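First the structure, in the form of C-alpha cells, and then the observations on it.
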Amino acid sequence: MKETMQKIMEFRDERGWKPYHTPENLAKSISIEAAELLECFQWDHSFDQEHVCEELADVLIYCLQMVDVLEVDAKEIIFSKLEKNAMKYPVQK
Ligand SMILES: [Mg+2]
C-alpha cells in the first residue's frame, strides 16, 4: 500500500495537481470515474475486462488521493466501517 500511495502522489505532484485535489473535487472525481466504470456495462452483460480494470483503477486512485488529503489511514477507515457493517448486517440475517 505504501508503494502504491507513493507512486500516486508522485504522479500528482510532478504535475502540480495537488492544489486542485480538495475533498470536494476528489468526491466529484470519484463519482465521475464510478460512472465511467458503470458505463462499461451499459446495454448488455458483456464487458471489456481491460476497460473495466482501467476505470476501476481510476476510482481507486481518486479514493487513495482522498485518503491522503483527509490525512486518514485507508486500512483503519476500512476496518472501522467493516465493524459497523458487521453490526448492521449480522451473519444470522
Ligand atoms: Mg476513467
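The values are calculated or read from the model by the stated rules, or taken from the named source; none is laboratory data. Computed from a predicted structure; not experimentally measured. All Cβ positions, even for glycine, are placed from backbone atoms using ideal geometry, and neighbour counts span all protein chains on display. The area values use the complete protein model at the heavy-atom level, side chains included, leaving out ligands, DNA and RNA. Shrake-Rupley method; radii C 1.70, N 1.55, O 1.52, S 1.80 Å.
Surface composition of the chain: carbon and sulfur make up 59 percent of the accessible area, probe 1.4 Å. Rounded to the nearest 20, the size of the Cβ-charge dipole of the stretch 1-57 about its Cα centre is 420 debye, with Lys and Arg at +1 and Asp and Glu at -1. If you take all other residues with their beta carbon under 14 Å from the beta carbon of Ile77, and give Lys and Arg +1 and Asp and Glu -1, the sum is -2.
Computed on protein heavy atoms with a 1.4 Å probe, the accessible areas place His51, His45, His21 in the order His45, His51, His21, largest first. In the chain, the calculated helix contribution to ellipticity at 222 nm averages -24000 deg cm²/dmol per residue, counting -39,500 (n - 2.57) for every DSSP H run with n ≥ 4.
Using the Cβ-Cβ distance between Asp13 and Ala34 with R0 = 30 Å, the FRET efficiency computed as 1/(1 + (r/R0)^6) comes to roughly 0.75. Treating r as the C-beta distance of Asp73 and Ala27 and R0 as 22 Å, the FRET efficiency rounds to 0.75.
My understanding is that a pair violates if its Cα-Cα distance is over 25 Å; which of Lys2/Lys81; Lys28/Lys75; Lys2/Lys88 do that in this structure? Over 25 Å Cα-Cα: Lys2/Lys88.
How much area per residue is accessible in the chain when the probe is 1.4 Å and only protein heavy atoms are counted (Å²)? Present the calculation step by step, with values, prior to reporting the outcome.
Numbers: 7690 Å² over 93 residues.
Each residue of the chain exposes 83 Å² on average to a 1.4 Å probe.
Across the chain, the fraction of Cα-Cα pairs farther apart than 23 Å, rounded to a whole number, is 40%.
With the whole protein complex present, Asp13 retains an accessible surface near 80 Å², based on a 1.4 Å probe.
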